[in-house]
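Below is one structure, written out as structure tokens; comments come after it.
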Amino acid sequence: MTTFQLWWTGVTRPAKAFEELKSKPVPLWGFWVVLVLNLLISATTLLGHYLLHQRPFLESWLTL
């Protein structure tokens, strides 16, 4: 089962999704899921700000 299929199963049938998660290699698989989802969230947030000509929520402290 792919990550997207597992996500959809979690939305539609959570009990089956948890059963499927038991067969996954926990540390490595969990790391990739968290990494990919956070990158997607960051990319869509930044894209939204760019398209709406808005500035980020906080200025970067790295350049101060």
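The set of residues in the range 2-27 being within 17 Å of the chain's Cα centre (by Cα) and outside any helix (DSSP H, G or I) consists of 2 alone. Filtered by the rule that a residue be open to solvent by less than 100 Å² (accessible area, probe 1.4 Å), of a type in the set (A, V, I, L, M, F, W, C) and under 14 Å from residue 1 (Cα atoms), the range 17-56 gives 17, 21, 29, 33. In the range 34-61, the qualifying residues are those that are in contact with a helix residue (DSSP H, G or I) (Cβ under 9 Å, 6 or more places away or on another chain) and not in a helix (DSSP H, G or I), and the one that is modelled with the highest pLDDT is 54. Can you list residue pairs whose Cβ atoms sit under 7 Å apart, with the first residue in the range 7-22 being touching a residue at least 12 places away in the same chain (Cβ under 8 Å) and the second being aliphatic (A, V, I, L, M) and open to solvent by less than 70 Å² (accessible area, probe 1.4 Å)? Count only pairs 6 or more apart in sequence or on different chains. Pairs found: 20/6. The conditions of being part of a helix (DSSP H, G or I), touching a helix residue (DSSP H, G or I) at 6+ places or on another chain (Cβ under 8 Å) and not hydrophobic (A, V, I, L, M, F, W, C) are not met by residue 30. At pLDDT 80 or above and loosely packed, with under 11 Cβ neighbours inside 10 Å - does that describe any residue in the range 5-13? Looking for residues that are at pLDDT 80 or above and loosely packed, with under 11 Cβ neighbours inside 10 Å, one finds at least one in the range 5-13, hence yes.
The values are calculated or read from the model by the stated rules, or taken from the named source; none is laboratory data. Keep in mind the model is a prediction, meaning the values are calculated, not measured. All Cβ positions, even for glycine, are placed from backbone atoms using ideal geometry, and neighbour counts span all protein chains on display. Side chains are part of the model used for accessible areas, which takes the heavy atoms of the whole protein and leaves out ligands, DNA and RNA. Shrake-Rupley method; radii C 1.70, N 1.55, O 1.52, S 1.80 Å.
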